[in-house]
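As structure tokens, the structure follows; a few thoughts come after it.
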Amino acid sequence: MPPPAAAPTVRSLALALGLSRTTVSDALAGSPRVDPGTAQRVREAAQAAGYVRNPLAGALMSELRRSRGSTFRGVLAAIDLDEEGRPPFAAKYNHELQLGAAERAAELGFKVELFGVGQGVVSIHRLDSILHSRSIHGLIFLPSWRDPDFSKLDWMRYAGVYTDYIIERPALHSICCGHYRAMMSVLQRLTALGYRRPGLFLDRLHDERLQHRWEAAFLAYGHRNPAVTPVPTHVVDPVNREGFVRWFRQYKPDVVLGHHTEAIGWMEDCGAKLPATHGFVCLNVLRKTRPCAGLDLQPRILGARGAEIVIAQLQRNEIGVPVWPTTTTIPARWVDGPTLRRPPQKSAKANAAAMAPA
């Protein structure tokens, strides 16, 4: 069997066309320095030969020319969409994602730069031009409060990942917290602590953004676990004191789960004494305004994994919208706090019996 033909390179194209490697490279990169007729001839020859340009190689040479041989550090773009109506806590979460991506990217020889896009910043078209001129091909999209649309970017140049649940325009790989798994784990913990009437309250828009994963896990656990009697969920837009108090007094949950730690005060106004009579769990401790138990959604870990996904795509030369977009999930981390009762302590006699040899 004859050996497989070598993959076409800039050098082999230059030899076949009788041009310099610089001319062929510039033509493939779309440089205006090359005569349009020559550029067209190069592109046609490259297509016929099955040539595929590696964006990392181009970025490397560009950076080396600028830095005159210093250590190369590739650049990834963290893209944050400027939106009306996005709540303040979302900016804090996105910042943590960006820090995690930057830390991991640095370990892998890249750096991350933040680019704002949208109203009052730059347009998608302008962003596309900036990224192209900077030879930036790896994109990390920070979560958008509403359905984002980055389909107008020239996706023949980029590899990307979305750091939240599904993005459809375009359909990219995504990285997010495992919300369903996290809720199941929390409810199991609360049951072990003796809570029997868990109650869940959520902002409706937030619930919809996560495709109802918090609520779905809560309802499934209550349906399948005879040890608990969950109360009806309180999903409204927006969450406010009046509606919460009415729900709390009507259904009398013994432990409440939600994002708004202001609800601890609302519970206390209704006579609850935490943790003696009631409990509270914050579903994202990054949002807490007072000490409490809850979940750390680990945005820095999510950002780090997002950077790894993009860099791996670049290293494999996988540019463009993936044929089969995947979703990677990271477990949330439990954080103890003063709003839950402590686990029952075993007696000294029981501890000694458990440690005795069989």
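Each reported figure results from applying straightforward, stated rules to the coordinates on display, with no laboratory input. Note that this is a predicted model, so its numbers are computed, not measured. Note: ideal-geometry Cβ built from the backbone for every residue, glycine included; neighbour counts use all protein chains shown.
Extents of segment 85-211, largest first, come to 60, 34, 25 Å (Cα atoms, principal axes, whole angstrom). When you restrict to C-alpha pairs under 8 Å that are six or more residues apart and normalise by the size of the chain, the relative contact order lands at 18 percent.
Distance from the C-alpha centroid of segment 73-128 to that of segment 205-237: 32 Å, rounded to the whole angstrom.
Counted by neighbouring Cβ atoms within 10 Å, the residues 229, 339 run from fewest to most as 229, 339. Among 334, 247, a tally of other beta-carbon atoms within 10 Å of each Cβ gives an order, fewest to most, of 334, 247. Sorted from greatest to least, the principal axis extents spanned by the alpha carbons of segment 151-204 come out as 55, 21, 10 Å. Considering the chain as a Gaussian network with a 10 Å cut-off on Cα pairs, which listed residue, 90, 39, 332, attains the greatest mean-square fluctuation? In this elastic network of the chain, the residue with the biggest mean-square fluctuation among 90, 39, 332 is 39. Placing +1 on the Cβ of every Lys and Arg and -1 on the Cβ of every Asp and Glu, with no other charges, gives the chain a dipole of roughly 980 debye about its Cα centre. If R0 is taken as 56 Å, the Cβ-Cβ distance between residue 251 and residue 156 corresponds to a FRET efficiency of 0.55. Over segment 219-274, the Kirkwood radius and the radius of gyration, each from Cα atoms, give a ratio Rg/Rh of 0.97. In units of the compact-protein estimate 2.2 N^0.38 Å, segment 86-156 shows a Cα radius of gyration of 1.18. Which residue, 216, 276, 263, has the most motion in a Gaussian network model of the chain that connects Cα atoms within less than 10 Å? Ranking 216, 276, 263 by mean-square fluctuation puts 276 first. Spacing of the modelled spin labels on residue 126 and residue 216, each 7 Å from Cα toward Cβ, amounts to 3.9 nm. Just to be sure I understand, if you calculate P(r) over Cα pairs in 20 Å bins from 0, in percent for this structure, which of (i) 25, 43, 23, 9, 0; (ii) 24, 48, 25, 3; (iii) 27, 57, 16 do you get? The calculated read-out lines up with (i).
The residue 52 and residue 107 beta-carbon pair, evaluated with R₀ = 30 Å, returns a calculated FRET efficiency of approximately 0.60.
The simple Förster model, with R0 at 56 Å and r as the Cβ-Cβ distance, assigns residue 134 and residue 240 a FRET efficiency of 0.80.
Can you tally the lysine pairs in the chain where the Cα-Cα distance is under 25 Å and the two residues are eight or more apart, or on different chains? Lysine pairs satisfying the spacing and distance rule in the chain number 7.
Does segment 179-296 classify as rounded, prolate or oblate by the C-alpha gyration tensor (a ≥ b ≥ c root eigenvalues; a/c under 1.5 gives rounded; else a/b over b/c gives prolate, otherwise oblate)? Rounded.
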